2 protein chains.
Amino acid sequence: MAKRSGEKYHVLIDSAVKTFARTGYHRTRVADIAREAGVADGTVYIYFENKEDILVSLFQELMISFVDNLYCELVQCQNATEKLAAIIKYHLSILADNPDRARVTQIELRQIDQVINEGISKPLLKYFQLIEEVIEEGKMQRLYRQNLNTRTARKVVFGAIDEVVTCWVLSSKSYDLTALCEPVYDLLVRGLQEV
Amino acid sequence: MAKRSGEKYHVLIDSAVKTFARTGYHRTRVADIAREAGVADGTVYIYFENKEDILVSLFQELMISFVDNLYCELVQCQNATEKLAAIIKYHLSILADNPDRARVTQIELRQIDQVINEGISKPLLKYFQLIEEVIEEGKMQRLYRQNLNTRTARKVVFGAIDEVVTCWVLSSKSYDLTALCEPVYDLLVRGLQEV
DNA sequence: ATAAAGCGAATGAACATTCATTCATCATAA
DNA sequence: TTATGATGAATGAATGTTCATTCGCTTTAT
């Protein structure tokens, strides 16, 4: 039974992020992660069920802390519009600061398999929920249109941010991602249209 | 040397789309595609370099026809705003009508490997360019804001549409995707904001 | 002394790819 | 017309490699 805790567990998670980012999920051997962590191949199986479980666990760790920290940022905001700006800023900043993490979430985690998909969807759903709550709040505060479909709006908001990050990762991170906070925010709130 | 043409080539492409959609790229064996196409395993290698080449070729075939046909739709539009609506409608309709194709483009093709990535990016770039041209046109026609960053706007537009499709695929296509044309269009053009 | 943690060589299953061979088609020559 | 030969598409069994995973043993901690 996988241990899922302890010092080595976290070392292994970090090594996996680094290795998956460098080599890609399917190309990294479990032995590579073990070497990166400075442990034997078999040790990996004390902490994880199997290779797939490493990817899923890693995402859960990252995503849970992501949502928790984002939540802390949001409670400090006054209204929905401030909150939306905070979401964009937080999302872009975290990944701009952690290129390996960005590569893994944008590219490697999309190697979806039913199992991976199920392991991923729960923590991701929390994030989606958070965005939807902010949109609902905006409607209540009469900042956003009443006829907005919250679910669809969330998809547009998340999709936009996600695509911006993916482009940045694929461009070999050659520019400052956080510079896009304002243009993206503007586009989402005000749209393309001329005032 | 891979042939890349002939009747069997197209049969194989179709079989690959179907098989990748059903089993996922990494889980399908080349033998599965061969069986689906009703040919021997070795025959696949007359038409394709290797397994990866099947995925890349398939995407190129799909994407080239996608862009060509979309282009035909666009020339019939009067202005940029009509064109944007046409892009969304075309993008969503094509995938709504071809669930296997949708699964492959949204999920399986994201199994990015350097090689796959390079094979994919060229035809995709054409689509991006098309979107950017429409945005530029909208700025010229004073329909869209002058201070819009075209590149960023394109990412937001594409990201929004793409996310909407991915959600639909992951939901097992349980609702009518094309019903989202208008809400998505509205969000992109007018944004979230109350008028 | 006992249990837990760690080791890493060995295992074996999975699967992409190869290649010797077959077969149908068609051009050429007798 | 008929035999001969050339071509290359198609076959599918065999190959070889790649790794994830296991397990018997060793070390460390309590």
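The values are calculated or read from the model by the stated rules, or taken from the named source; none is laboratory data. None of these values were measured; they are calculated from a predicted model. Positions of Cβ are generated from backbone atoms using ideal geometry, with glycine treated the same way; all protein chains shown enter the neighbour counts. Just so you know, the surface numbers come from the protein's heavy atoms only, side chains and all, with ligands and any DNA or RNA stripped out. Shrake-Rupley method; radii C 1.70, N 1.55, O 1.52, S 1.80 Å.
Within the range A:77-120, the set of residues being modelled with pLDDT under 85 and either more than 23 Å from B:N117 (Cα to Cα) or not charged (D, E, K, R) (or both) comprises A:Q111, A:I112, A:Q114, A:V115, A:I116, A:N117, A:E118, A:G119, A:I120.
Screening the range A:86-187 for helices (runs of 4 or more DSSP H) wholly inside it with 2 or more residues that are at the interface with chain B (Cβ under 9 Å from one of its Cβ atoms) and in contact (Cβ under 8 Å) with a residue 60 or more places away in the chain returns the ranges A:150-170.
Residue-by-condition table, conditions (1) closer than 19 Å to B:A86 by Cα; (2) small (G, A, S); (3) in contact with an Asp or Glu (Cβ under 6 Å, 6 or more places away or on another chain):
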position	(1), (2), (3)
B:I107	no, no, no
B:R110	no, no, no
B:S121	no, yes, no
B:K126	yes, no, no
B:V134	yes, no, no
B:M140	yes, no, no
B:N147	no, no, no
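Applying a threshold of 6 Å to beta carbon distances and a minimum spacing of six or more residues, or different chains, the list of pairs starting in the range B:27-54 at a residue that is within 14 Å of chain A (Cβ to nearest Cβ) and ending at one that is within 7 Å of DNA strand C (Cβ to nearest atom) reads B:K51/B:V30. State all residues of the range A:6-29 that are open to solvent by less than 30 Å² (accessible area, probe 1.4 Å), part of a helix (DSSP H, G or I) and within 12 Å of DNA strand D (Cβ to nearest atom); if no residue qualifies, say none. Answer for the range A:6-29, where residues must be open to solvent by less than 30 Å² (accessible area, probe 1.4 Å), part of a helix (DSSP H, G or I) and within 12 Å of DNA strand D (Cβ to nearest atom): A:A16, A:T19, A:F20.
Which one is nearest to A:I88 (Cα to Cα), of the residues in the range B:137-177 that are in contact with a helix residue (DSSP H, G or I) (Cβ under 9 Å, 6 or more places away or on another chain) and among the polar types (S, T, N, Q)? First the steps, then the outcome.
Quick first cut of the range B:137-177, residues in contact with a helix residue (DSSP H, G or I) (Cβ under 9 Å, 6 or more places away or on another chain) only: B:137-141, B:143-170, B:173-177.
Subsequent filtering for residues that are among the polar types (S, T, N, Q) retains B:141, B:146-147, B:149-150, B:152, B:166, B:174.
Numbers: B:Q141: 30, B:Q146: 23, B:N147: 20, B:N149: 17, B:T150: 19, B:T152: 14, B:T166: 21, B:S174: 30 Å.
Looking at residues that are in contact with a helix residue (DSSP H, G or I) (Cβ under 9 Å, 6 or more places away or on another chain) and among the polar types (S, T, N, Q), I get B:T152.
Among the residues making up the range B:30-44, those that are surrounded by fewer than 16 Cβ atoms within 10 Å (Cβ to Cβ) and either assigned to a loop (DSSP other than H, G, I, E, B) or more than 6 Å from DNA strand D (Cβ to nearest atom) (or both) are B:A31, B:R35, B:G38, B:A40.
Restricting attention to the range B:64-82, does a residue exist that is within 14 Å of chain A (Cβ to nearest Cβ) and under 10 Å from the mean Cα position of the chain (by Cα)? Taking every residue of the range B:64-82 in turn, none turns out to be within 14 Å of chain A (Cβ to nearest Cβ) and under 10 Å from the mean Cα position of the chain (by Cα). Among the residues making up the range A:57-87, a single one is surrounded by 21 or more Cβ atoms within 10 Å (Cβ to Cβ) and within 16 Å of DNA strand D (Cβ to nearest atom): A:L58.
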